[in-house]
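No value in this document is a laboratory result; all are computed from the given coordinates. None of these values were measured; they are calculated from a predicted model. Here Cβ is always computed from backbone atoms with ideal geometry, including for glycine, and neighbour counts include all displayed protein chains.
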Amino acid sequence: MNSEILIYQNPDGNIKIDVRLEEETVWLTQSQMGQLFGKDKRTISEHIRNIFNEGELDENMVVRNFRTTTQHGAIPGKTQEREVKGYNLDVIISG
């Protein structure tokens, strides 16, 4: 099953998120969390690192690698696969 997360901003400036669930939770990448919260990816990364360093959440339970396909940057018409880390709802709402 492919899951897809769409983040968009409506005309009023409010951010809206359409999500599909996988394993009964929501998964976002650090970039997507940055878009959601209006923060730089580096800020999100630091926040997540602190969550794990302080033992608030177990990284093995709340992080998952997802394979994604994107357009190849140097070769038009060619795609490439890469893995990205997804963080579940527990990480997203930790604060």
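Worth a mention:
- Within segment 30-95, the ratio Rg/Rh, alpha carbon atoms throughout and Rh by Kirkwood, equals 1.07.
- Charge sum, other residues only, whose C-beta stays under 14 Å from Phe52's C-beta, Lys/Arg counted +1 and Asp/Glu -1: -4
- ³J(HN,Hα) computed for each position of segment 41-47 - Karplus, 6.51 cos²θ - 1.76 cosθ + 1.60, integer Hz, glycine/proline x: 4, 5, 5, 4, 4, 5, 4
- Candidate aspartates and glutamates - alpha carbon under 19 Å from Lys41, same-chain residues fewer than 8 apart omitted: Glu59, Glu83, Asp90
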